[in-house]
1. Just one of (1) modelled with pLDDT of 90 or more; (2) polar (S, T, N, Q); (3) farther than 24 Å from Pro172 by Cα trips up Ser38, so point out which.
2. Looking at region 93-103, is at least one residue out of contact with any helix residue (DSSP H, G or I) (no Cβ under 6 Å at 6 or more places or on another chain) and under 19 Å from Val35 (Cα atoms)?
3. Do we find that Leu140 is assigned to a loop (DSSP other than H, G, I, E, B) and touching a strand residue (DSSP E or B) at 6+ places or on another chain (Cβ under 8 Å) in this structure?
4. Among residues belonging to region 110-140 that are charged (D, E, K, R), over 15 Å from Gly33 (Cβ atoms) and surrounded by fewer than 19 Cβ atoms within 10 Å (Cβ to Cβ), point out the one that is nearest to the chain's Cα centre (by Cα).
5. For residues in region 32-47 being among the small types (Gly, Ala, Ser) and surrounded by fewer than 23 Cβ atoms within 10 Å (Cβ to Cβ), which is farthest from Pro176 (Cα to Cα)?
6. Please go through region 49-91 and pick out each residue that is under 14 Å from the mean Cα position of the chain (by Cα) and assigned to a strand (DSSP E or B).
7. Select from region 142-170 the residues that are closer than 17 Å to Asp116 by Cα and in contact with an Asp or Glu (Cβ under 9 Å, 6 or more places away or on another chain) and list them in ascending order.
8. Taking region 95-116 only, how many residues are modelled with pLDDT of 95 or more and assigned to a loop (DSSP other than H, G, I, E, B)?
Amino acid sequence: MSDANGMSGADDISGMSDTSDISALRIREAVRGLVVDSEGRVLLVRFEFPAGTRWALPGGGLDAGETHHDALRRELAEEVGLHDPLIGAHLWNRLHIVAFMSGEFDGQREQIYEVDVPAGFDPQPQFSWEQLNAEFVFELRWWTLTELKQARVDTAPRDLVRLLHNYLTMGPPPQPIDVEP
């Protein structure tokens, strides 16, 4: 599952003097999916960390030997019950420096891909809610862009509303974009 190590919820790299400091950190490779249905709604996962709640795209860390696509397929099956999804363009890259509660990692580097879902897809996780809660996952929800704007919830990436708006109006970028944590 995605976040077994648990992240503290902080994602601030402002204390780092320059990007060369990052090379010494233990960074976990991860993948997430921008799951958007035919109505333009995005599927988000509500994570509850000790430092607070964050709505994020479904996904998680790569297991040893996994490709990003293989990991995304596994994570989507586990978290939302989406099997054999059609994975589209690599949209965004996200690096956030955050201490994992396990102490195993100092941050996470994510590749974010678009994911097509069948019409009427209803998320039904493969994992039990007990397993998901142990991974800090407490809710799955479809959001419209308007709902997300009005709710003013914390999201990951932080500027998900803008990114989603751009995606819905302009489609995928011609090449992956680096986004804020």
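1. The single condition Ser38 does not satisfy is (3).
2. As a first pass, look at region 93-103 and keep what is out of contact with any helix residue (DSSP H, G or I) (no Cβ under 6 Å at 6 or more places or on another chain): 93-103.
Right, trim to under 19 Å from Val35 (Cα atoms) and you get 93-94.
Taking every residue of region 93-103 in turn, at least one turns out to be out of contact with any helix residue (DSSP H, G or I) (no Cβ under 6 Å at 6 or more places or on another chain) and under 19 Å from Val35 (Cα atoms).
3. On the way: assigned to a loop (DSSP other than H, G, I, E, B): no; touching a strand residue (DSSP E or B) at 6+ places or on another chain (Cβ under 8 Å): yes.
No, not satisfied.
4. Applying the filter and picking the extreme gives Glu139.
5. Taking the candidates together, the pick is Ser38.
6. The answer is Thr53, Arg54, Trp55, Ala56, Gly59, Gly60, Gly61, His90, Leu91.
7. Of everything in region 142-170, those that are closer than 17 Å to Asp116 by Cα and in contact with an Asp or Glu (Cβ under 9 Å, 6 or more places away or on another chain) turn out to be Trp142, Thr144, Tyr167.
8. Matching residues across region 95-116 total 0.
The values are calculated or read from the model by the stated rules, or taken from the named source; none is laboratory data. Owing to the predicted nature of the structure, the values given are computational and were not obtained by experimental measurement. All Cβ positions, glycine included, derive from the backbone under ideal geometry; neighbour counts span all protein chains shown.
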